[in-house]
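Notes to accompany the following structure.
The values are calculated or read from the model by the stated rules, or taken from the named source; none is laboratory data. All figures in this text were calculated on a predicted structure; none of them were measured in a lab. Cβ sites come from the backbone with ideal geometry, for glycine too, and all protein chains shown count toward neighbours.
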Amino acid sequence: MRNALLMSGFLALVALPVDGNEPLTLAVSPAQSFAPAVLRVRIRVEPSVGNRSLEVIADSGDFYRSSEIQLEGDRSPATMNIELRGVPVGNYRVVGILRDREGHERSMVYRDVKVIGSEISD
């Protein structure tokens, strides 16, 4: 009986999707760095015929940068990497927005990161 329970539990874990079927996930590294920073953004998009564009935004209020990537639905790569170079001091929200062919938002995710100064005090 115990073995059957263990086997059932194992099979249930194997059957669960790793990413929870989220249409969009985003990771930013490093979470804290010194200016001028290079932020590496890794985006995972669940393949779907409705995916048409992905916008990635880094915004601190004093600094703004964005990139838009055109997608080819379910034929687009599942994982994309973007580097944001020369990012100045600030608290940033890095946002990923997945859109359909009409430009409507399908999914949105964000991560907060901090870029600190490298001033040395006496």
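Has the range 75-82 got at least one residue that is more than 21 Å from PRO23 (Cβ to Cβ) and either surrounded by 14 or more Cβ atoms within 10 Å (Cβ to Cβ) or at pLDDT 95 or above (or both)?
no
Identify the residue in the range 41-62 that is within 18 Å of VAL87 (Cβ to Cβ) and loosely packed, with under 15 Cβ neighbours inside 10 Å and, among all such residues, is nearest to the chain's Cα centre (by Cα).
ARG42
Kindly list the number of the only condition in (1) over 17 Å from PHE63 (Cα atoms); (2) in a strand (DSSP E or B); (3) over 12 Å from the mean Cα position of the chain (by Cα); (4) of a type in the set (Gly, Ala, Ser) that fails for GLY86.
Only one criterion is unmet by GLY86, namely (1).
Which residues, counting only those in the range 57-79, are aliphatic (A, V, I, L, M), part of a strand (DSSP E or B) and under 15 Å from ARG42 (Cβ atoms)?
Passing the criteria: ALA58, ILE69.
Take the range 41-84 and flag every residue that is over 18 Å from SER107 (Cβ atoms) and hydroxyl-bearing (Ser, Thr, Tyr).
SER60, TYR64
How many residues does the range 33-75 hold that are in contact with a Ser or Thr (Cβ under 9 Å, 6 or more places away or on another chain) and free of Cβ contacts under 8 Å to residues at least 24 places away in the same chain?
Number of matching residues: 3.
Restricting the range 11-40 to residues that are at pLDDT below 95 and of a type in the set (Val, Ile, Thr), which is surrounded by the most Cβ atoms within 10 Å (Cβ to Cβ)?
Filtering the range 11-40 for residues that are at pLDDT below 95 and of a type in the set (Val, Ile, Thr), the one surrounded by the most Cβ atoms within 10 Å (Cβ to Cβ) comes out as VAL14.
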